[in-house]
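Read the structure below first, then the notes.
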Number of protein chains: 2
Amino acid sequence: DRALLARAITLVESSSKTRRDEAREILEALAPKAGGSLRVGVSGSPGAGKSTFIETLGMRLLRAGKRVAVLAVDPSSAVTRGSILGDKTRMERLSREPNCFIRPSPSAGALGGVTRKSRESIVLLEAAGYDVTLVETVGVGQNEIAVRSMVDFFLLLVAPGGGDELQGVKKGVVEIADAIAVNKSDGDLKAAADRARQEYANALHYLAPRSRSWAPRVFQCSAVEDEGVADIWENVLEFELNAKADGSFERRRREQAIEWTLGVVEDELLREFRENDVVQNALPVIKERARKGDLLPGAAAEELLRLFRDAR
Amino acid sequence: DRALLARAITLVESSSKTRRDEAREILEALAPKAGGSLRVGVSGSPGAGKSTFIETLGMRLLRAGKRVAVLAVDPSSAVTRGSILGDKTRMERLSREPNCFIRPSPSAGALGGVTRKSRESIVLLEAAGYDVTLVETVGVGQNEIAVRSMVDFFLLLVAPGGGDELQGVKKGVVEIADAIAVNKSDGDLKAAADRARQEYANALHYLAPRSRSWAPRVFQCSAVEDEGVADIWENVLEFELNAKADGSFERRRREQAIEWTLGVVEDELLREFRENDVVQNALPVIKERARKGDLLPGAAAEELLRLFRDAR
């Protein structure tokens with residue numbers, strides 16, 4: 001039931017304490033039913049063609065009889081408030097499919113919150129029986145690391161650029177990729193895509209391999225023309241088979257459970273401080289003093305911490 | 001004394017408790033001597049030409065008799081480990097100037113930590129008598145927001161692109177800019193720069209103005225040819241004059257003191273948890289249980305929090 005699922009996700013995304021408690025109960029009840037989907041992160045800079053790629057891949061999976069969930073995760077949007085052009089109507093074909101469920105990124109609240117909410121949404125999607133969860137994120141460093149911590153396979157999508165492909169590409173992001181795909185390998189950009197694939201392949205060579213059991217490859221594809229997308233999915237399935245055979249699939253999920261736990265703890269510690277009565281009463285005074293120019297941040301922080309410690 | 005200054009900054013950047021305490025004492029002693037520089041943030045995507053811009057601007061300021069500090073701030077590098085190509089030798093001319101002090105981003109530790117360390121470094125630089133502090137950051141959303149919270153003037157540097165300039169440009173980032181400069185307005189890119197300037201000017205029109213007292217403008221410049229850079233600096237000085245006259249300069253610094261305070265508090269709360277003995281003893285057990293597959297993140301988080309609360 002899609003409406004029920006959407007309501008449950010809204011509950012998980014809520015920042016009200018009562019609703020969060022309700023969400024926790026639902027999550028604990030559903031936890032045994034979760035874990036069944038293959039979770040694939042698709043990340044890339046704006047303009048890499050993420051939506052088109054996901055639409056093409058998603059339609060392929062639907063045709064193969066899979067139920068597909070698409071989850072956008074953008075922790076940075078909490079501070080940057082989305083792109084100027086706004087979200088165009090995206091993934092038009094997918095959004096009309098009954099076996100596909102698309103959910104935009106939770107936007108409200110603190111950074112850590114978005115990650116927690118997305119992880120919990122995955123639990124709900126899996127309990128609802130989706131076979132594949134595609135997690136889309138826009139590449140800004142932070143976001144990839146967050147998404148990597150909730151997926152089984154992390155695909156980095158790049159567009160052919162103006163020759164110096166690796167300018168600004170972050171080591172840490174390439175290192176967490178299980179595969180890299182150079183998209184837009186069509187028309188005028190074909191030759192540039194060839195070059196980009198070569199450059200990324202070289203980069204992968206001189207970076208330390210993340211795992212001994214899997215060698216990430218660089219693919220070339222055209223999501224618009226549905227060229228090469230099937231090969232990439234083959235690679236994902238090969239990865240799944242391998243990782244399940246050698247135990248690394250389960251191991252990765254368990255490591256993620258630890259990160260998830262610590263993330264929840266950190267969220268909670270900060271929430272506890274922000275919602276503490278003594279802190280809430282002291283803050284306006286601190287702010288007033290700051291506005292009068294009578295505030296040394298170090299000393300004021302110590303004072304707030306002392307008040308909070310005495311109060312609890 | 002540059003060597004002494006560098007040592008003091010290293011102290012501020014340290015994560016050892018003893019050194020941090022030492023740093024705090026120094027900072028409190030120096031706080032009355034701080035605040036004297038004009039703090040200018042320069043942000044932009046990789047390839048926007050930030051280093052060249054800062055070098056050209058910095059050389060101009062030095063010729064005008066100013067002492068210039070350049071501080072790189074990249075909170076995201078803590079997770080993304082810098083760019084693949086590494087840092088080329090940057091700002092070669094500036095780095096040879098006796099009246100210029102250049103400091104790369106603190107890299108270690110948690111996200112919030114980088115912001116705090118950079119703010120404290122600004123205190124040290126100002127106490128050492130620098131007139132202008134240029135704070136460079138690579139544009140990934142998060143970083144700009146962090147840098148905006150420590151500077152008086154925030155300049156967004158962009159490169160002319162392939163036509164759809166605003167693709168992926170974040171609302172929140174454009175809204176915090178006190179000026180936008182389209183760099184690389186030279187040679188083949190001149191016409192593209194003209195178009196980009198027009199597009200950004202339009203975007204500024206339909207975004208809500210951040211302040212009634214200052215209307216951000218869009219500039220065009222070529223840092224390589226030192227064209228238009230002087231005009232941008234004129235704009236910064238005009239802003240300073242205006243903002244000091246109407247009180248918004250001081251007001252902004254005081255708001256920043258509040259953010260700074262809360263940042264220190266959040267860092268401290270998380271540090272306290274991580275360094276707590278009971279937590280440190282419990283973590284290996286939690287991790288072991290996770291590795292055995294016997295861990296529900298929500299329940300495990302609650303357990304850790306309960307242990308931590310009982311311990312303190």
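The values are calculated or read from the model by the stated rules, or taken from the named source; none is laboratory data. Nothing here was measured: the structure is a model prediction, and the numbers come from that model. All Cβ positions, glycine included, derive from the backbone under ideal geometry; neighbour counts span all protein chains shown. Each accessible area value is taken on the protein alone, full model and side chains, heavy atoms only, with ligands, DNA and RNA left out. Shrake-Rupley method; radii C 1.70, N 1.55, O 1.52, S 1.80 Å.
Quick notes
- The peptide list A:272-278, B:129-135, put in order of mean Cβ contacts within 10 Å with the highest first, becomes B:129-135, A:272-278.
- Distant-in-sequence amide H partners of A:ILE102 (H built 1.01 Å from N, under 5 Å): A:VAL70
- Percent antiparallel among DSSP beta bridges (both partners in the protein assembly as shown, rounded to 5): 5
- The stretch B:2-79: C-alpha gyration tensor shape, a/c 1.5 cut-off, then a/b vs b/c: oblate
- Against chain A, whose longest principal axis is taken from its Cα atoms, helix A:111-127 shows a tilt of about 60°.
- By accessible area, using a 1.4 Å probe on protein heavy atoms only, chain A has 50% of its surface on carbon and sulfur.
- Accessible area buried between chains B and A, both sides summed, probe 1.4 Å, in Å² to nearest 100: 6200
- Computed from backbone phi, the HN-Hα couplings of the stretch B:221-231 come to 8, 10, 5, 4, 9, 6, 9, x, 5, 4, 4 Hz, rounded to whole numbers (Karplus: 6.51 cos²θ - 1.76 cosθ + 1.60, θ = phi - 60°; Gly and Pro given as x).
- In this simple spin-label approximation, A:ASP226 and B:SER95 carry label points 7 Å from Cα along the Cα→Cβ vector, and these lie 5.2 nm apart.
- Three-way shape label, the protein assembly as shown, alpha-carbon gyration tensor, a/c 1.5: oblate
- Protection proxy ranking, peptides B:99-105, B:249-255, B:41-47, average beta carbon neighbours within 10 Å, highest first: B:41-47, B:99-105, B:249-255
- Taking every residue in B:181-193 and counting other chain Cβ atoms within 10 Å of its Cβ, the average works out to 0.
- Amide H contacts under 5 Å for B:VAL182: B:VAL158, B:PHE219, B:GLN220, B:CYS221, restricted to partners 5 or more places along the chain or on a different chain, H placed in the peptide plane at 1.01 Å from N.
- With DNA, RNA and ligands ignored, accessible area of A:GLU259 (1.4 Å probe; Å², nearest 10): 90
- Scalar couplings 3J(HN,Hα) for the stretch B:182-189, obtained by applying the Karplus form with A = 6.51, B = -1.76, C = 1.60 to θ = phi - 60°, are 8, 8, 6, 7, 7, x, 4, 8 Hz; x denotes Gly and Pro.
- Rounded to the nearest whole Hz, the Karplus-based 3J(HN,Hα) values (6.51 cos²θ - 1.76 cosθ + 1.60, θ = phi - 60°) of the stretch A:54-60 follow the sequence 5, 4, 5, 5, x, 4, 4, with x at glycine and proline.
- Proximal charge balance of A:GLU28 [Cβ under 13 Å; K/R count +1, D/E count -1]: -2
- Taking amide hydrogens as placed 1.01 Å from N in the peptide plane, the amide H of A:GLY44 sits under 5 Å from those of A:THR137, A:GLY139, A:LEU157, each at least 5 positions away in sequence or on another chain.
- For residues of A:264-274, the mean tally of beta carbons on other chains within 10 Å: 5
- Spin-label model distance (nm) - B:ALA299 vs B:ALA64, 7 Å beyond Cα toward Cβ: 6.5
- Between the listed residues B:LEU269, B:LEU241, B:GLY228, the Cα displaced farthest toward the positive end of the dipole of the stretch B:225-277, a dipole computed from Cβ unit charges relative to the Cα centre, is found at B:LEU269.
- Helix-only arithmetic for the protein assembly as shown: the sum of -39500 (n - 2.57) across DSSP H runs with n ≥ 4, divided by the residue total, places the mean residue ellipticity at 222 nm at -17000 deg cm²/dmol.
- Average accessible surface for the stretch B:190-312: 55 Å² per residue, computed with a 1.4 Å probe over protein heavy atoms with every protein chain in place.
- FRET efficiency, 1/(1 + (r/R0)^6) with R0 56 Å, evaluated for A:ARG19 and B:LEU4 via beta carbons: 0.55
- Note on A:298-308: average number of Cβ atoms from other chains within 10 Å of each residue's Cβ is 5.
- GNM result for chain A, Cα springs below 10 Å: residue of A:ALA290, A:ALA48, A:ALA181 fluctuating most strongly: A:ALA290
- Contact order normalised by residue count of chain B, Cα under 8 Å, 6+ apart, percent: 19
- Principal-axis analysis of the Cα atoms of chain A puts helix A:17-30 at an angle of about 40° to the longest axis.
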